[in-house]
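The structure appears below as structure tokens.
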Amino acid sequence: PVGRPEADALRTRLDALHRRRRAIAVATTNEFEFVPDARPYSYFHNSNHVVAQWLRELGWETRGPAFSSEWRVALR
């Protein structure tokens, strides 16, 4: 479970990021439009890091290295 305020705040932030970067979309499907993140994709900033960050914003704690998907979550 996550709190509504946390979920709304994350969605608002991600929607704003998407709107700012929409002009440089890198891929579009019937359901999704992918825009580049402001930070370059790298070993030190990849999808695992981003998902861990989102979970922390939603009130969860991540345990273990975010470099791979070998981490766990726990409610704070």
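The values are calculated or read from the model by the stated rules, or taken from the named source; none is laboratory data. Just so we're clear, the structure is a prediction, and the values are computed from it rather than from any experiment. Cβ: placed from backbone, ideal geometry, glycine included. Neighbour counts: every protein chain shown. Protein only, heavy atoms only, side chains kept; ligands, DNA and RNA dropped before computing areas. Shrake-Rupley method; radii C 1.70, N 1.55, O 1.52, S 1.80 Å.
The set of residues in the range 34-43 being open to solvent by 60 Å² or more (accessible area, probe 1.4 Å) and either under 18 Å from Arg13 (Cβ atoms) or touching a residue at least 12 places away in the same chain (Cβ under 8 Å) (or both) consists of Phe34, Asp37, Ala38, Arg39, Tyr43. Within the range 55-76, the set of residues being of a type outside the set (D, E, K, R) and under 13 Å from Gly3 (Cα atoms) comprises Leu55, Leu58, Gly59, Trp60, Leu75. In the range 13-25, how many are farther than 16 Å from Val51 by Cα, at pLDDT 85 or above and either open to solvent by 70 Å² or more (accessible area, probe 1.4 Å) or of a type in the set (A, V, I, L, M) (or both)? Qualifying residue count, the range 13-25: 6.
Screening the candidates Glu31, Glu70, Glu6, Glu61 for the property of being more than 13 Å from the chain's Cα centre (by Cα) and assigned to a strand (DSSP E or B) yields one hit, Glu61.
Residue-wise test of (1) part of a helix (DSSP H, G or I); (2) closer than 24 Å to Ser69 by Cα.
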site	(1), (2)
Leu17	yes, no
Asp37	no, yes
Pro40	no, yes
Leu55	yes, yes
